[in-house]
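One structure below.
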Amino acid sequence: MTQAFRNSDGGRIDRGKRVSFTFDGQNLEGFAGDTLASALLANGVRLVGRSFKYHRPRGIVGSGPEEPNALIQLGVGAHTEPNTRATQIALFDGLVSESQNAWPGVGFDVGAINNMVSKAIPSGFYYKTFMWPAAAWMFYEKFIRSAAGLGKAPTEPDPETYEKRSVWCDVLVVGGGPAGLAAALAAGATGARVILADEQSEFGGSLLASRDRIEGRDGADWAGDVIDDLAGMPEVRVLSRTTVVSYHDHNYLVAVERVNDHLPLGKRHGPRQRLWKVRARQVVLATGAIERPLVFAENDRPGVMLAGAVRTYVNRYGARPGNRAVVFTNNDSAYRAAIDASDGGIAIAAIVDCRAQPEGALVRLARERGIEIVAGSVITGVRGTKQVSEVEVATLTQDGSDVAGARRSIDCDLVMMSGGWNPTVHLYSQSGGKLAWNADLATFVPATAAQKSREAGAVNGSFSLMAALAEGSRAGSAAARDAGFEGEEPAVPACDAGPGDGVLALQALWDVPCGRKGAKRFLDFQNDVTASDVALAHRENYSSVEHFKRYTTTGMGTDQGKTSNVNGLAIMAGLRGVDVPEVGHTTFRPFYTAVTVGALAGINSGPELLDPVRKTPMHHWHEQHGAHFEDVGQWKRPYCYLRPGETVKQAVDREVLAARTSVAILDASTLGKIDIQGPDALELINRVYTNNFATLKVGACRYGLMCKDDGMVFDDGVTARIGENRYLMSTTTGGAPNVLNWLEEWLQCEWRDLEAYCTSVTTHWAAIAIAGPNSRRLLAELTATDLSNEAFPFMTWQDGEIAGIPGRIFRISFSGETGFEVQVPASYALALWRALMTAGEKYSITPYGTEAMHVLRAEKGFIIAGQDTDGTTTPYDLGMDWIVSKKKGDFLGKRGLERPDTLRDDRKQLVGLLTEDPNEVIPEGAHVSPSPHSNKPVPMEGWVTSSYYSPNCGRSIAMALLRGGAGRIGETVAIPLEHKVVRAKITRPVFFDEEGERLRG
Amino acid sequence: MAKMKYSIFSLLRQARDYHRGWPKAWRSPEPKPSYDVIIIGGGGHGLATAYYLAKEHGITNVAVLEKGWLGGGNTGRNTTIVRSNYLWDESAHLYEHSLKLFEGLSQDLNYNVMFSQRGVINLAHNEHDLKELSRRGHACRLNGIDYEMISAEQIKQIAPIINISKNIRYPVLGGSIQRRAGNARHDAVAWGYARRADEFGIDIIQNCEVTGIDIENGRVTGVQTTRGPIKARKIGAVPAGHATVVGNMAGLTLPVESHPLQAMVSEPIKPVLDTVIMSNTVHVYISQSDKGELVLGAGIDGFNSYAQRGSLDVIEHQLEALCDLYPIVKRLRIMRTWGGIVDTCPDASPIVSKTPVEGFYMNCGWGTGGFKATPGSGWVFAHTIAQDRPHRLNEAFDLKRFETGFLIDEHGAAAVAH
Amino acid sequence: MLLIECPHCGPREQTEFTCGGEGHIVRPDPATATDAEWGHYLFMRKNPKGLHYERWFHAHGCRQWFHAARSTVTHEIFAIYGIDEPPPAIDANKAGSR
């Protein structure tokens, strides 16, 4: 085929640039400037897809985002993209396209069997069947699922990239048709920062599809000149191939720019698509209108198209969707399309007009050209399975509810239909704007804007070129003025759109009678919803707009009802005997057209960018020494260090033993550190911890527990008094940001009389914990500070120089071992770590990870907030009564701890558990039961929070939160596991060095 | 008021006459002057309550008052996940009761609610997640709720599109699966309950907004509505999204805050996923509908709102993580996003309770997880209203717990809030 | 997607802020508060449909807390005011439905 349906001249395609592509394996040619749809039509391809439910043959209906049928699987392999509208695919060399939802092919499709049984499967049929036997649904569902869906997802990761830009502007103009161009020009002239976005490759909107003239030029040329003018304005940004898809609160709009989709793979550079997030002071919506199909019998045959779309193909692409057309309309605009089509070489067999006496400039023009007008009539049937071959026409009865008289057949290969125009109010409606029903136009138009936006042109129902230009200019000037920019409103350019421009003289025509039972009159082409389905929904009382939409699935396809919504509402209104506004309309949801997941995600995915990766200064060293990392919040922490041939358990055991027998070091840099200063710093600390800090002397450290005001444990850590009015608070790794925010909130909002300042110094100071009997000896080699027990007792700290690095030495220990923690500025930490490793060689110094740290602290019964607590645990539950001050005044959590439920003595309380079999390690999370063999539900009385094999104890150890546990020491309890019951003795939760001699030693 | 039975036979019989013989699924009656019980809120929970009042307690002089269209709140806006793998006994027992009702619901209602037990997988991305899932698993096992811990490789077998490579920001370390869990068709649940409740003679009155609650001597006597006053001996309020508004009418202050929760669907594609996968850590919830759309749940916005729309950044974050976990989605397109209003309680557990006002009962605070509870919630609420005391299954979900501190803290315990 | 006028930094994107919920909640005297009063303070919220006085934290900015009067229906922000200031009077109708 060699573009048999291409005119030899006219249109905005470049006949000098041939473009090869394939459709369903067939090699075809088009021209630069084509869409896939226009190229297919030029090549005489009419059958392009199968419908969702009945698998009926379908052709191209529209010319833009409204297209319901021509959904294409575009590209192959990793580049494949399902459900792409042929009407919006820019043709490029080497483009590969395939039809969808048909097997083995679009010409012969096995799924079309659904069409034969379609009588039995109306809307909602699935709610009424597949219920027997009870388990049957999942059986039937398998078949339904595989039959449903449209295109195929890629099976490989996307090789292309996406990016985002956040921008602001004074005026955002959405839509680059005549109204939008006039608005941008008027706003831009004031010096305001303007963004003009249009979804097409070229600006001009309706001008590209018409033969209108502006200022003595072809309308499309005028559009090009305007774009040139705008390019000369430094504050104006012009974005083509950019669809504004959503309108959010506070004038925040999102647009998708298709940067590369129109290029052959080899010519793509940079991101595939770019998401623009625009905060606009003022918005001008010049989003145009979308033509409405007519709902008549067999209106889904390939070759039944929107009249305006045919006009577009002829005028813009020089492509003829057929050679002989019947026009079916209820308004004047289709006459314009008929005249243009006729001039473009399509014979107009007849114009079938439901109006009894159509008149007006365009009607006269058509008559003058000798086009037959069949007035007061409708199409009652369309023949031709894979392409229209003839239509049947009959006269409407007086009241329009039925047809009468003889049927007349008219041969044709194309039907051009127009049921009027729906303003593209999607964004307007998303912004919260209210819609009003315009009876003359039989559609919804904007009424009251909710945000700082204006509408111009066809979106307002102003369909003439003159009105579009005038409203555009006015809206652009006014928007700029409201954004703070004064300027003269430019004169509206002179224009000529021919006689009768913008006049519809529409007569509402919804469910078109055909005098036959069971004839399918399609409303939603993609989802195969017919007028009878609306009637069924009404009959069964799914009559409210949302019920009808959901029950019939009207408007829920990929076109989101752009052509079906108003028809559906009106047909339902007719059935209910009310006006359309009483039925109302469904809410317009983002997005106007579907948005690629990749564009919404941008660059923020993958191992580095999904979430910041936080690494300590020693991270690289850890990596080189076999560290097996775990994620703790955003941090990467060594879980253990694997030596060659070692299992994780062996490594952990080795590290745990080393800490108790010689010396081991831990990278503790991730623990949160907050520097608190000010005359009231102490008061602040005293109010947020449950225990008393008033007695803490400079140079001393104290462990503290923090509760929320309900008395539940929130975080814990050691706080050191650095100076008279200065403290260093440490927090858990994951809790650091929360604690800082917590302090700030109380300081700023509630305790405004306190003068204290909190600064996160987590990443300023790196920290190394040194644990084990040789820790003092090792550290002494690297510092002049006297580390003896007398000079440097437990729970104190001193400034010191370690390995020549000035820092702080803390005599604290989370391992329960003799130990120190050294903090130095982060940039010196790796040097210190290396110095310790070198000096420690003679003690077989061992780096240890988080798991060894957990085992060590569990041997001592030290809790981990978030592991041994869960947001329902009080300090009393932890057996830490000693940490709740009875002396000091109020503190956060004090009153919460006195509520009836927190005072109960049968709460879950922390205990130790020693299994009868010392080698049995109870799984963490296992539950304790008083009657493990009872029928389910088996009663539970607590759960194991921490459980390890302790190489130092030579047996397993566990901690549990157990109902009334504090009073049950010595009891044996049962822990029912999947295949056995483990028995364990309740102990105090401390398993090693109960007296703390090592700690203080 | 016996309805035509739905079956393949009635469908074929009706087909012969172009489906002109189907009766209304429910009537649209005018409100009567008085009822024994008024249910405020015609969502799934309210309609289920009405149905079980009739079926289990023989109370049929009941009206369900809905300010919009039935099933139009969160019932029709959620991601349709049904599961019962909760941590705390109180929650587990209630949700399990609900899941069991779901298992026979299509037959009970003679309406296909398309309950599909294709399994729900929870992912673990770090050691903490693994511990939490394990704790939940042990509790579920003892509570008689099916639950298995599974490895990343097993997850990959069930859902081949998942990326279990170690080279992503938060790799999948493993997870759990509840095989009896799955999806149901949300609208069908509301419509099925409505149809059967109507069959019992219960009046479902749409476009009837309650504007006031009449109380005399501490006892309810009726409601004021946009369609006039209606008397009632008892009133059960199930106004998801508007709990505070309705509660205030009865003089109650509630521990509830309303937030937007968003969800979205992709364009339909051929089947790629036959289970439900949830990840709390990276906030991704995904399943594929029978139509072929990927159904994605996002998180809630941090601020109070009664607008059924949320912020874009919530969606962006969710999709960022989605691309990591399911790399094939990147070229697919999001077709539609929407929001609902969820009423959240401080402990992420609902209130199904008597109130200080005699004859006034409150069912609210289901947060992000109400759909799965629909049958169970209706069942226990009907009991609470009919007997004027809670059922054993909802005793703990009392309003008083916020005074005593006896919270059922699913949130605090890091159990799944979705 | 709100645009919030931080009193210290000027208008900034919502993503820079954290909402702290209802403002002006008075913490009762713990020494005398009943269990009911304490429970009320901890958990009960006004959660109005319409005008909401709430507090916000410019977490990724100046890290200052402030108050906002905002409609929970239209999301319109009527006033931004200091954390130590009383709630300004706002015409409640303005905060109504949309």
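The values are calculated or read from the model by the stated rules, or taken from the named source; none is laboratory data. Computed from a prediction, not measured in an experiment: that's the story for all the values here. Positions of Cβ are generated from backbone atoms using ideal geometry, with glycine treated the same way; all protein chains shown enter the neighbour counts. When the accessible area is computed, the model is the full protein with side chains, heavy atoms only, and any ligands, DNA or RNA have been set aside. Shrake-Rupley method; radii C 1.70, N 1.55, O 1.52, S 1.80 Å.
Put simply, of A:Gly866, A:Gly804, A:Gly896 the only residue that is at positive phi and within 14 Å of chain B (Cβ to nearest Cβ) is A:Gly866.
Going through the stretch A:440-473 one residue at a time, which ones are outside any strand (DSSP E or B), surrounded by 19 or more Cβ atoms within 10 Å (Cβ to Cβ) and either on the phi > 0 side of the Ramachandran plot or of a type in the set (Asp, Glu) (or both)? The answer is A:Ala442, A:Gly457, A:Gly461, A:Glu471. Has the stretch B:304-327 got at least one residue that is buried (at least 21 other Cβ atoms within 10 Å of the Cβ), in a strand (DSSP E or B) and of a type in the set (D, E, K, R)? There is no residue in the stretch B:304-327 that is buried (at least 21 other Cβ atoms within 10 Å of the Cβ), in a strand (DSSP E or B) and of a type in the set (D, E, K, R). How many of the residues making up the stretch A:878-893 are of a type outside the set (D, E, K, R), closer than 13 Å to A:Gly704 by Cβ and either within 14 Å of chain C (Cβ to nearest Cβ) or assigned to a helix (DSSP H, G or I) (or both)? Number satisfying all stated conditions: 7.
Of all residues being within 48 Å of the chain's Cα centre (by Cα) and over 14 Å from A:Val326 (Cβ atoms) in the stretch A:403-421, which is surrounded by the most Cβ atoms within 10 Å (Cβ to Cβ)? Just the residue, please. Before you say what the answer is, go through the steps one by one.
So the first thing to find is which residues in the stretch A:403-421 are within 48 Å of the chain's Cα centre (by Cα), and the list is A:412-421.
Then keep just the ones that are over 14 Å from A:Val326 (Cβ atoms); that gives A:419-421.
Details: A:Gly419: 30, A:Gly420: 26, A:Trp421: 23.
By that ranking, first place goes to A:Gly419.
From the list B:Gly369, B:Gly376, which residue is open to solvent by less than 10 Å² (accessible area, probe 1.4 Å) and touching a helix residue (DSSP H, G or I) at 6+ places or on another chain (Cβ under 7 Å)? So the residue among B:Gly369, B:Gly376 that is open to solvent by less than 10 Å² (accessible area, probe 1.4 Å) and touching a helix residue (DSSP H, G or I) at 6+ places or on another chain (Cβ under 7 Å) is B:Gly376.
Would you please name the residue that is nearest to the other protein chains (Cβ to nearest Cβ), looking only at residues in the stretch B:139-177 that are small (Gly, Ala, Ser) and part of a helix (DSSP H, G or I)? Full working, then the answer.
Residues of the stretch B:139-177 that are small (Gly, Ala, Ser), as a first pass: B:139, B:144, B:151-152, B:159, B:165, B:174-176.
When the remaining residues are screened for being part of a helix (DSSP H, G or I), the result is B:139, B:152.
Numbers: B:Ala139: 6, B:Ala152: 15 Å.
Taking the candidates together, the pick is B:Ala139.
Of everything in the stretch B:328-358 that's outside any strand (DSSP E or B) and facing another protein chain (nearest Cβ under 7 Å), which residue is surrounded by the fewest Cβ atoms within 10 Å (Cβ to Cβ)? If we take residues in the stretch B:328-358 being outside any strand (DSSP E or B) and facing another protein chain (nearest Cβ under 7 Å), then B:Pro346 is surrounded by the fewest Cβ atoms within 10 Å (Cβ to Cβ).
Does A:Thr587 count as over 30 Å from A:Leu832 (Cα atoms), touching a residue at least 40 places away in the same chain (Cβ under 8 Å) and open to solvent by 70 Å² or more (accessible area, probe 1.4 Å)?
On the way: over 30 Å from A:Leu832 (Cα atoms): yes; touching a residue at least 40 places away in the same chain (Cβ under 8 Å): yes; open to solvent by 70 Å² or more (accessible area, probe 1.4 Å): yes.
Here the answer is yes, as A:Thr587 does meet what is asked.
Scanning the stretch B:378-401 for residues that are under 24 Å from C:Gly39 (Cβ atoms) and either part of a helix (DSSP H, G or I) or of a type in the set (Phe, Trp, Tyr) (or both) gives B:Val380, B:Phe381, B:Thr384, B:Phe397, B:Arg401. Identify the residue in the stretch A:119-175 that is open to solvent by less than 20 Å² (accessible area, probe 1.4 Å), β-branched (Val, Ile, Thr) and over 23 Å from the mean Cα position of the chain (by Cα) and, among all such residues, is farthest from the other protein chains (Cβ to nearest Cβ). In this case the residue turns out to be A:Val173.
The condition (being away from chain A (no Cβ under 14 Å), assigned to a loop (DSSP other than H, G, I, E, B) and either buried (at least 20 other Cβ atoms within 10 Å of the Cβ) or touching a Cys at 6+ places or on another chain (Cβ under 7 Å) (or both)) is satisfied by just one residue among B:Thr79, B:Thr49: B:Thr79.
Could you list all residues from the stretch A:724-752 that are in contact (Cβ under 8 Å) with a residue 12 or more places away in the chain, open to solvent by 20 Å² or more (accessible area, probe 1.4 Å) and of a type outside the set (A, V, I, L, M, F, W, C)? Scanning the stretch A:724-752 gives A:Glu724, A:Asn725, A:Arg726, A:Ser730, A:Thr732, A:Gly734, A:Pro737, A:Asn738, A:Glu744.
Got a number for residues in the stretch A:911-932 being crowded, with 16+ Cβ neighbours inside 10 Å and either within 29 Å of A:Leu684 (Cα to Cα) or within 14 Å of another protein chain (Cβ to nearest Cβ) (or both)? Step through it out loud before you land on a result.
Of all residues in the stretch A:911-932, those crowded, with 16+ Cβ neighbours inside 10 Å come to A:911-915, A:920-929, A:932.
Narrowing further to those that are either within 29 Å of A:Leu684 (Cα to Cα) or within 14 Å of another protein chain (Cβ to nearest Cβ) (or both): A:921-929, A:932.
Residues in the stretch A:911-932 being crowded, with 16+ Cβ neighbours inside 10 Å and either within 29 Å of A:Leu684 (Cα to Cα) or within 14 Å of another protein chain (Cβ to nearest Cβ) (or both): 10 in total.
Looking across the stretch C:21-49 at every residue that is of a type in the set (Gly, Ala, Ser) and part of a helix (DSSP H, G or I), the one that is nearest to A:Trp751 (Cα to Cα) is identified as C:Gly39.
I'd like to check something: does the stretch A:841-857 contain any residue that is without any contact (Cβ under 8 Å) to a residue 12 or more places away in the chain, open to solvent by 20 Å² or more (accessible area, probe 1.4 Å) and assigned by TED's automatic domain parsing to the domain that holds A:Leu657? If you could, list the steps in order and put the result at the bottom.
Here is the first cut: in the stretch A:841-857, the residues without any contact (Cβ under 8 Å) to a residue 12 or more places away in the chain are A:841-842.
Within this subset, residues satisfying the condition of being open to solvent by 20 Å² or more (accessible area, probe 1.4 Å) are A:841-842.
Add one more test, that the residue is assigned by TED's automatic domain parsing to the domain that holds A:Leu657, and what stays is A:841-842.
Yes - at least one qualifying residue is present in the stretch A:841-857.
For the subset of the stretch A:591-619 comprising residues that are touching a helix residue (DSSP H, G or I) at 6+ places or on another chain (Cβ under 6 Å), facing another protein chain (nearest Cβ under 9 Å) and part of a loop (DSSP other than H, G, I, E, B), which member is surrounded by the most Cβ atoms within 10 Å (Cβ to Cβ)? Show your work before the answer.
Here is the first cut: in the stretch A:591-619, the residues touching a helix residue (DSSP H, G or I) at 6+ places or on another chain (Cβ under 6 Å) are A:592, A:597-598, A:600-601, A:604-605, A:610, A:617-618.
After this cut, where a residue has to be facing another protein chain (nearest Cβ under 9 Å) as well, the list is A:597-598, A:600-601, A:604-605, A:610.
Now restrict to residues that are part of a loop (DSSP other than H, G, I, E, B): A:604-605, A:610.
Working: A:Asn604: 20, A:Ser605: 24, A:Leu610: 20.
Among those that are touching a helix residue (DSSP H, G or I) at 6+ places or on another chain (Cβ under 6 Å), facing another protein chain (nearest Cβ under 9 Å) and part of a loop (DSSP other than H, G, I, E, B), it is A:Ser605.
Evaluated against (1) within 13 Å of another protein chain (Cβ to nearest Cβ); (2) touching an Asp or Glu at 6+ places or on another chain (Cβ under 8 Å); (3) of a type in the set (Lys, Arg), B:Lys291 falls short on exactly one condition, (2). When the criteria are applied in full, A:Arg336 meets the requirement of being open to solvent by 10 Å² or more (accessible area, probe 1.4 Å) and in contact with a helix residue (DSSP H, G or I) (Cβ under 6 Å, 6 or more places away or on another chain). For the stretch A:260-270, the condition holds for no residue, the condition being that it is in contact with a strand residue (DSSP E or B) (Cβ under 8 Å, 6 or more places away or on another chain) and within 30 Å of C:Pro11 (Cβ to Cβ).
Matching residues to (1) at pLDDT below 95; (2) open to solvent by less than 10 Å² (accessible area, probe 1.4 Å); (3) in a helix (DSSP H, G or I):
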{"residue": "A:Phe794", "(1), (2), (3)": "no, no, no"}
{"residue": "A:Trp797", "(1), (2), (3)": "no, no, no"}
{"residue": "A:Gly800", "(1), (2), (3)": "no, no, no"}
{"residue": "A:Arg808", "(1), (2), (3)": "no, no, no"}
{"residue": "A:Glu817", "(1), (2), (3)": "yes, yes, no"}
{"residue": "A:Val824", "(1), (2), (3)": "no, yes, no"}
{"residue": "A:Ser827", "(1), (2), (3)": "no, no, yes"}
{"residue": "A:Leu830", "(1), (2), (3)": "no, no, yes"}
{"residue": "A:Trp833", "(1), (2), (3)": "no, yes, yes"}
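Taking residues in the stretch C:43-57 that are touching a residue at least 40 places away in the same chain (Cβ under 8 Å) and within 8 Å of chain B (Cβ to nearest Cβ), and partners anywhere that are part of a strand (DSSP E or B) and open to solvent by 40 Å² or more (accessible area, probe 1.4 Å), not one pair has Cβ atoms closer than 9 Å while being at least 6 places apart or on different chains.
Residue-by-condition table, conditions (1) touching a helix residue (DSSP H, G or I) at 6+ places or on another chain (Cβ under 9 Å); (2) in contact (Cβ under 8 Å) with a residue 60 or more places away in the chain; (3) of a type outside the set (Gly, Ala, Ser):
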{"position": "A:Asp14", "(1), (2), (3)": "no, no, yes"}
{"position": "A:Leu74", "(1), (2), (3)": "yes, no, yes"}
{"position": "A:Gly77", "(1), (2), (3)": "no, yes, no"}
{"position": "A:Asn83", "(1), (2), (3)": "no, yes, yes"}
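Exactly one residue among C:Phe66, C:Phe78 is open to solvent by 20 Å² or more (accessible area, probe 1.4 Å), more than 8 Å from every other protein chain (Cβ to nearest Cβ) and outside any loop (DSSP other than H, G, I, E, B), and that residue is C:Phe78.
What number of residues within the stretch A:894-904 are assigned to a loop (DSSP other than H, G, I, E, B) and out of contact with any helix residue (DSSP H, G or I) (no Cβ under 7 Å at 6 or more places or on another chain)? Break it down into steps so the answer makes sense when it comes.
Residues of the stretch A:894-904 assigned to a loop (DSSP other than H, G, I, E, B): A:894-895, A:899, A:904.
Checking the rest, the ones that are also out of contact with any helix residue (DSSP H, G or I) (no Cβ under 7 Å at 6 or more places or on another chain) come to A:894, A:904.
Here the count works out to 2.
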